[in-house]
Amino acid sequence: MQTVGFIGCGNMGSAIIYGISRSKAFQVAGYDHHPEKLQKLHEECGLLVCESEEELVKKSDILVIAVKPYAVEALVRRISSCLSSVKIVISIAAGIPAQTIKNAGCALPVCTVMPNTPAMVGEGCTALSFDDPMLTAEHKDVIKTIFAGVGYTVELSESKFPEFSALLGSGPAFVFYMLEAMLEAAIRLGFKYDEAKKMLEMLFAGSAKLAQHDFDVPHAKLRLNVCSPKGTTIAGMNSLDKNAVRGNIIEAVMATYDRYLEMMNTNK
Ligand SMILES: NC(=O)c1ccc[n+]([C@@H]2O[C@H](COP(=O)([O-])OP(=O)(O)OC[C@H]3O[C@@H](n4cnc5c(N)ncnc54)[C@H](OP(=O)(O)O)[C@@H]3O)[C@@H](O)[C@H]2O)c1
């Protein structure tokens, strides 16, 4: 069984570790500055705990770099001399191209990946970049199997990662923002927090499932199905339009995209 080793077992690293361990197709190892994170992952999903970067790298067939973007280059420089057992390097660091990892001393095939937080419950949407010509068909199959454990995967050139990140990487924050707003409306309408939270989460999950089920039906049609002539919902829709909510949501995604490009260009 191949070992997938994680340097960095924080929010996103651990989300992917939970996903992979559910599939039982790989042994999973990890190293992090915080031993308590490793201990929890060991207890909950059998993570093989390593005591150092070097030990982790030496035990890994596939190495996943899951530290913050600013720490990636220095990390690769430190581990580049002990990568002999590793066959593929995967990086989930936002805004760090595969070429940067290679330039830092990694001569192996590098796949860059952009996950999102629903990966924690196996419902993520992950972009996989296979731009590196060193990645073989076999490497790609292994990478797809790893990330299928945390949800839906799409193959995407690294050049489209800023767009993907603005929509899908940051997307959960937009969805939670809308959930929060609906929750405040529920409280104004007299519902208790807990009951409103449960009902609204079901509303979002159920609506998404309906849209997936009726995939060829445009969202606008699904929305109009709820709007009876002279009815209540159309009055709410009209209020959203008067407040330019649609345009503001688009602006928010574009601001996220602009900031991603700025961070890529300035490294800040
Ligand atoms: N969260 C998201 O929604 C999301 C989405 C897409 C991509 N990503 C990418 O995922 C990566 C990780 O993000 P995150 O949210 O999981 O961050 P995080 O929760 O801070 O996790 C990173 C972990 O790695 C540890 N670490 C850093 N350098 C290390 C080293 N050399 N050896 C061992 N452990 C080390 C950190 O410890 P210290 O804090 O002590 O350094 C921390 O525990 C980032 O590059 C980010 O761009 C995240």
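The values are calculated or read from the model by the stated rules, or taken from the named source; none is laboratory data. Since we're looking at a predicted model, the values are computed, not measured. Methodologically, a virtual Cβ is constructed for each residue, glycine included, from the backbone with ideal geometry; neighbour enumeration extends over all protein chains shown.
Annotations
- The combined condition, being in the same structural domain as MET237 (by TED's automatic domain parsing) and either touching a residue at least 12 places away in the same chain (Cβ under 8 Å) or among the hydroxyl-bearing types (Ser, Thr, Tyr) (or both), is not fulfilled by ARG188.
- With respect to the conditions (1) touching a strand residue (DSSP E or B) at 6+ places or on another chain (Cβ under 6 Å); (2) closer than 19 Å to ILE16 by Cβ; (3) surrounded by 20 or more Cβ atoms within 10 Å (Cβ to Cβ), CYS106 lacks only one, and its number is (2).
- Identity of the residue in the range 123-157, among the small types (Gly, Ala, Ser) and surrounded by 16 or more Cβ atoms within 10 Å (Cβ to Cβ), that ends up modelled with the lowest pLDDT: GLY149
- Candidates ALA94, ALA166 - the one that is part of a loop (DSSP other than H, G, I, E, B) and in contact (Cβ under 8 Å) with a residue 40 or more places away in the chain: ALA94
- Here ILE92, ILE96, ILE79, ILE101 are screened, and the one residue that is within 13 Å of the ligand (Cβ to nearest atom), over 21 Å from LEU128 (Cα atoms) and buried (at least 16 other Cβ atoms within 10 Å of the Cβ) is ILE79.
- Residue count for the range 106-142, restricted to those that are within 15 Å of the ligand (Cβ to nearest atom) and either at positive phi or not small (Gly, Ala, Ser) (or both): 16
- Residues of the range 188-202 classified as exposed (fewer than 13 other Cβ atoms within 10 Å of the Cβ) and either in contact with a His (Cβ under 8 Å, 6 or more places away or on another chain) or over 16 Å from GLU123 (Cβ atoms) (or both), total: 8
- Of all residues in the range 97-124, those satisfying the criterion of being assigned to a helix (DSSP H, G or I) and under 18 Å from MET264 (Cβ atoms) are ALA98, GLN99, THR100, ILE101, LYS102, ASN103.
- Taking the listed residues GLY13, GLY30, the one that is under 20 Å from VAL121 (Cα atoms), surrounded by 14 or more Cβ atoms within 10 Å (Cβ to Cβ) and within 18 Å of the chain's Cα centre (by Cα) is GLY13, with no other qualifying.
- Among residues of the range 34-62, those that are within 20 Å of ALA104 (Cβ to Cβ) and within 12 Å of the ligand (Cβ to nearest atom), counted: 5
- Selection from the range 33-44 of residues that are surrounded by fewer than 17 Cβ atoms within 10 Å (Cβ to Cβ) and of a type outside the set (S, T, N, Q): HIS33, HIS34, PRO35, GLU36, LYS40, HIS42, GLU43, GLU44
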